[in-house]
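Undergrad: Following this message is one structure expressed as structure tokens.
The values are calculated or read from the model by the stated rules, or taken from the named source; none is laboratory data. Computed from a predicted structure; not experimentally measured. Cβ placement follows ideal geometry from the backbone for every residue including glycine, while neighbour counts extend to all protein chains displayed.
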Amino acid sequence: MKFIILLGMGLLLGGVIYISEEFVSKGNNSEQRVVESKGRQKSTACISCHGLAGEGHVQGAPILAGQIRDYLIVAMQSYADGRRKHDLMQSFVSGLSDEDMQDLADFYSSQKRRLR
């Protein structure tokens, strides 16, 4: 059990470090950087299954990178209200605001889709 907790903490810390470095290293337009930063900051709970940039880290976890923004929002809303059934996803998204979902969708839809 301690191993699982330490692994989770390591993934979270690694994600935060990666997020910080990526934001600092991108020099594109400032509006895009703000959108990416807000979405990246809110994506830390998603990293363990969906990967740092939504590339699908765990088998069975869908690739979010490059997905259509509105589809991602509807999917998160569907998990939150129970139309889509997945206990883990429901627990993660049920506490998100509409703005949180929009920020996450903006971030993941702006990422380049990579093959596994």
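Undergrad: Being part of a loop (DSSP other than H, G, I, E, B) and surrounded by 12 or more Cβ atoms within 10 Å (Cβ to Cβ) is the filter here; which residues of the range 87-108 pass it?
TA: Passing the criteria: Ser94, Leu96.
Undergrad: Another question, if that's okay. Taking the range 72-111 on its own, how many of its residues are over 17 Å from Thr44 (Cα atoms) and more than 14 Å from the chain's Cα centre (by Cα)?
TA: Total satisfying the criteria: 13.
Undergrad: Can you confirm whether Arg83 is out of contact with any strand residue (DSSP E or B) (no Cβ under 6 Å at 6 or more places or on another chain), modelled with pLDDT of 55 or more, more than 17 Å from Asp100 (Cβ to Cβ) and surrounded by 10 or more Cβ atoms within 10 Å (Cβ to Cβ)?
TA: yes
Undergrad: Within the range 89-107, work out how many residues are out of contact with any helix residue (DSSP H, G or I) (no Cβ under 7 Å at 6 or more places or on another chain) and under 14 Å from Asp70 (Cβ atoms).
TA: 1
Undergrad: While we're looking at this one, here's another question. Of the residues Arg40, Arg69, Arg33, only one is basic (Lys, Arg), under 14 Å from the mean Cα position of the chain (by Cα) and modelled with pLDDT under 95; which?
TA: Answer to the check: Arg40.
Table: residues versus (1) in contact with a Pro (Cβ under 8 Å, 6 or more places away or on another chain); (2) small (Gly, Ala, Ser); (3) in a helix (DSSP H, G or I); (4) more than 13 Å from Ser109 (Cα to Cα).
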| position | (1), (2), (3), (4) |
| --- | --- |
| Lys38 | no, no, yes, yes |
| Gln41 | no, no, yes, yes |
| Cys49 | no, no, yes, yes |
| Gly56 | yes, yes, no, yes |
| Ala61 | no, yes, no, yes |
| Leu64 | no, no, no, no |
| Ser78 | no, yes, yes, yes |
| Arg84 | no, no, no, yes |
